[in-house]
C-alpha cells in the first residue's frame, strides 16, 4: 500500500515537473539568459561580430579623407553561405549606425546591392511633372551624392560531428571597397566556434 | 582508510594534472612607449577580482584621431587549489564577458552598437588584451565592465 502510494506521488511529481515552464519574460539581448544554439548565429554572436567589426573599422582610419569631406558608404551584399537564411542586415545595420555615429562617414540609402534601400529618393523626383506640387519644393535631379565606398561581406559555416558531439565553425568576412579603384581598403575576418554534446538519451 | 586517502589524492592529482595552463615569454626590454591610464577599480565580485587580474590600462589614438584603450588582464586561475576547484566546477577555461562604455566631454554616455557584452574565454595563466575604440572624437572617458559569463 505504502509502495503504491509512493509510486503515485513520484509519478505526480514527475508530471508536475515535466509540465512546468516559464512565463514569457524579457531578457537582455545577448545576455547570459539568451539562447545559444550550435547550428545558428545567435543574438550574442551578431553583437560580438558587429562590435568587433566596428572597432576594427574605426581603428583602421580608412574612412579619413584628405579633403575633409565625410566618406559616403553604400551597404552592398553580405552573402549568406551558411544555408540558415541569416538576417544579415542585423550586422550591416549595426555597422552603418556606428559609421554615422563616428562622424567620419555617412551611409547612402539611395543605392544598395539590390537597388535602392529607400526608393523615396527616386520617387520624389518623379513629382517634377506633377502639377499638384509646388515645383520649387520638388527635389532636383543631379543632387544625390554617389558613394565613395562599399561595405560587403560573406558568412560561412562549417559543421563537424564526432560521436554525440557537434561543432559549428562560423566565419564572417567583412570588406570595405574603395569604389574609385575597386580595391579593398579594409577587410577583417571574425570567427567563432560552438560545440554541444548530446546526452546519451538523446535529449 | 589509508588506501582511500591515497586513491583520493591520486584522483585529485589526476584532475589537476589534466588542466592546460598558458606559459609565456616576451622580450625583457619593450620598445613600445605606452601611455598608462591611472584607473579606479570598483569590484562587486571578489571571486572575479581574484581570478582575473587587471595588469594595466593603456591609451592611444587611432589614425583617425579616436581614443583607443587597451586593458591587459591575466587569468590567475592556476596553481593546485585553483586548478582543483575549476576542474571540479567545470570552469576551465574561464568564461567572461566584458563591455566598454564611452562618455563625452560632458560625462554623457555615448550610444554605440559596440557597447555590448563581448565574450572572452581565458585559459589558466593566459594574458589577454581587451581593446576598444571610442565611437567618435567627442569621447573622453570610458568604463570597462567585466563579469563571469557562466
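Every number here is computed from the coordinates shown, using simple stated rules; none is lab data. Please read all numbers here as calculations on a predicted model, not as lab measurements. Neighbour counts run over all protein chains shown; Cβ positions are idealised from the backbone, glycine included.
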Pick out which of A:87, A:79, A:140 has the largest mean-square fluctuation in a Gaussian network model of chain A, springs linking Cα atoms closer than 10 Å.
A:140
Run lengths n ≥ 4 of DSSP H only: what is the helix-derived mean residue ellipticity at 222 nm for the protein assembly as shown, with -39500 (n - 2.57) per run over all residues, to the nearest 500?
-7500 deg cm²/dmol
Measuring from the longest principal axis of the C-alpha atoms of chain A, the long axis of helix A:2-19 (C-alpha) lies at a number of degrees, nearest 10, equal to 0 degrees
Using only alpha carbon pairs under 8 Å that are at least six residues apart, calculate the relative contact order of segment B:35-148 and give it in whole percent.
30 percent
Provide B:110, A:174 in ascending order of the number of other Cβ atoms located within 10 Å of each residue's Cβ, fewest first.
B:110, A:174
Expected max-MSF residue from B:35, B:68, B:131 in the GNM of chain B (alpha carbon, under 10 Å) is B:35
Rounded to the nearest 10, the angle in degrees between the Cα long axis of helix A:43-60 and the longest principal axis of the Cα atoms of chain A comes to 40 degrees
Just check chain B against the gyration tensor rule for me: Cα atoms, a ≥ b ≥ c as the square roots of the eigenvalues, rounded for a/c under 1.5, and otherwise prolate or oblate depending on whether a/b exceeds b/c.
prolate
Number of partner chain Cβ atoms within 10 Å, mean per residue of A:61-70
1
Return one quarter of the surface area of the convex hull spanned by the alpha-carbon atoms of the protein assembly as shown, equal to its mean projected area, in nm².
31.4 nm²
Quick one, can you get me the convex hull of the C-alpha atoms of chain A expressed as volume per residue in Å³?
205 Å³
Using a Gaussian network model on chain A with a 10 Å cutoff between Cα atoms, which of A:125, A:26, A:141 fluctuates the most?
A:26
I'd like the orientation of helix B:80-89 relative to chain B: the angle between its Cα long axis and the longest Cα principal axis, in ° from 0 to 90, rounded to 10.
90 degrees
